[in-house]
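Colleague: Have a look at this one before I ask anything.
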Amino acid sequence: ISSPGFLRDLPFGYSTYNFSIKATDEGGLGVSSYAPITIKVMDINNNAPIPTNPPWILNETVTNSSTTVIFTDYDDPAQNNTVPFRVDILSPSGFTLSGPTVNYDGIYQLTYNGILNRTITK
């Protein structure tokens, strides 16, 4: 096993890795034996929730245009994915994000408060 080690969380990793090893004496020319190996990788809370349903489209010239934004936390649901998270808009003003204050499922509604006009709204 070499650096960086095992990836545990989806979408790129696995919670269990299975493989076999072979040991042979006499410098590889003698008798061999095999052993099945199962490694269970323990989860840690190492993944931030990320938005997983782009693109997000808001129609212009519609009052209070909105779209759904879904955040996913790829930590193990039985262990560290039970930690609630929150999502805040940092900038620009004019947008609101509605949903539970503390969220487990990651579903929010993004709304522009007013009418979007791509020739004047930045």
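Colleague: If I model a spin label at ILE21 and THR63 as a point 7 Å from the Cα along the Cα→Cβ vector, what separation in nanometres do I get?
Modeller: 7.0
Colleague: Another question, then. Arrange the following residues from fewest to most other Cβ atoms within 10 Å of their Cβ: LEU29, LEU58, LEU7, LEU90.
Modeller: With the sparsest Cβ surroundings first, the list reads LEU90, LEU29, LEU7, LEU58.
Colleague: Taking 0.36 nm per residue of separation and subtracting the Cα-Cα distance, what length does fully extending ILE89 through ILE115 add?
Modeller: Between ILE89 and ILE115, full extension yields 7.5 nm more.
Here, each number is a calculation from the coordinates, and none is a lab measurement. Everything numeric here is computed off the predicted structure, so don't read it as measured data. All Cβ positions, even for glycine, are placed from backbone atoms using ideal geometry, and neighbour counts span all protein chains on display.
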